[in-house]
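Everything on this sheet refers to the single structure shown next.
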Amino acid sequence: AQKVTQAQTEISVVEKEDVTLDCVYETRDTTYYLFWYKQPPSGELVFLIRRNSFDEQNEISGRYSWNFQKSTSSFNFTITASQVVDSAVYFCALSHGANNAGNMLTFGGGTRLMVKP
Amino acid sequence: ETGVTQSPTHLIKTRGQQVTLRCSSQSGHNTVSWYQQALGQGPQFIFQYYREEENGRGNFPPRFSGLQFPNYSSELNVNALELDDSALYLCASSAGQGVYNSPLHFGNGTRLTVT
């Protein structure tokens, strides 16, 4: 069975601090995709990144970076120099393979990030 | 580029009633997925529609059903509403069935309250 665990339910930081959101996953698939989504109070899930299981290179996009480690089944997300606008709930998600029902994602429970000025 | 739009934004229904939620997919997207997000939890996959047919379903009972239209818009129907159906219902569209084609783009959701 597929499972995504985000152990941190809530994190509070002060603006400009760095923060890492943890994600651990379980799957029996050899090919899969991992995602991070941001959910602001408006409710819309905003896509941040997609990573396939064969690409373990870390990725950096502006203040955001992601660390994928297949050996520990983790896909952690770091925000550098956090800002108040980063306050949201962040979800890690795992795809069920890459074919017909590949849009079936298993989401973690989410981490609520609060960045205080 | 028009994003995913959902209607209505909020809805209050009584237990036992039926409800229809609507979704217009993002321009260029032909696949629609529906997710249920209970308060304080992550979204759960309900089903996916591609070429007007359901081609993937999560662990939801048959009283959750859907449609996809030729213009790729979609409806989610829930019969015999239960209190536990109260949730945010999210629609997502993508260009193709698999996530290797494109990631899911979500709408703002419909907040359903069942009393």
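Listed values, structure above:
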quantity: Loss of accessible area when A meets B, both sides summed, Å² nearest 100, probe 1.4 Å; calculated: 1900 Å²
quantity: Percent of Cα pairs exceeding the 20 Å cut-off, where the set is chain A; calculated: 38 percent
quantity: Å² per residue, accessible surface of region B:1-74 at 1.4 Å; calculated: 54 Å²
quantity: Accessible surface of region A:14-117 [probe 1.4 Å, protein heavy atoms]: carbon and sulfur percent; calculated: 48 percent
quantity: B:E54-A:T30 FRET efficiency (beta carbon distance; Förster radius 45 Å; 0.05 resolution); calculated: 0.95
quantity: Shielding by partners - mean other protein chain Cβ count within 10 Å, residues of B:35-43; calculated: 5
quantity: Nearest-0.05 FRET efficiency for B:T115 and A:D55, computed from C-beta distance (R0 45 Å); calculated: 0.40
quantity: Chain B: mean projected area of Cα convex hull, nm²; calculated: 6.6 nm²
quantity: B:A80 versus A:S42: modelled label distance in nm, points set 7 Å from Cα along the beta carbon direction; calculated: 3.8 nm
quantity: For peptides A:43-51, A:7-15, B:32-40, B:67-75, sequence by mean Cβ density within 10 Å, most packed first; calculated: B:32-40, A:43-51, B:67-75, A:7-15
quantity: Principal axis dimensions, largest first and in whole angstrom, of the protein assembly as shown by Cα; calculated: 48, 38, 36
quantity: Sulfur and carbon atoms: percent of accessible area, region B:12-115 [1.4 Å]; calculated: 45 percent
quantity: All lysines inside 21 Å of A:K3 as judged from Cα atoms, apart from same-chain residues fewer than 8 positions distant; calculated: A:K38, A:K70
quantity: Positions from region A:45-92 whose accessible area shrinks by 20 Å² or more when the full protein complex is built, not the chain alone, probe 1.4 Å; calculated: A:L45, A:F47, A:R50, A:F91
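The values are calculated or read from the model by the stated rules, or taken from the named source; none is laboratory data. Being a predicted model, the structure only gives us computed values, none of them experimental. In this analysis, Cβ positions are derived from the backbone assuming ideal geometry, glycine residues included, and neighbour counts consider all displayed protein chains. In case anyone asks, the SASA skips ligands and DNA or RNA and just uses the protein heavy atoms, side chains included. Shrake-Rupley method; radii C 1.70, N 1.55, O 1.52, S 1.80 Å.
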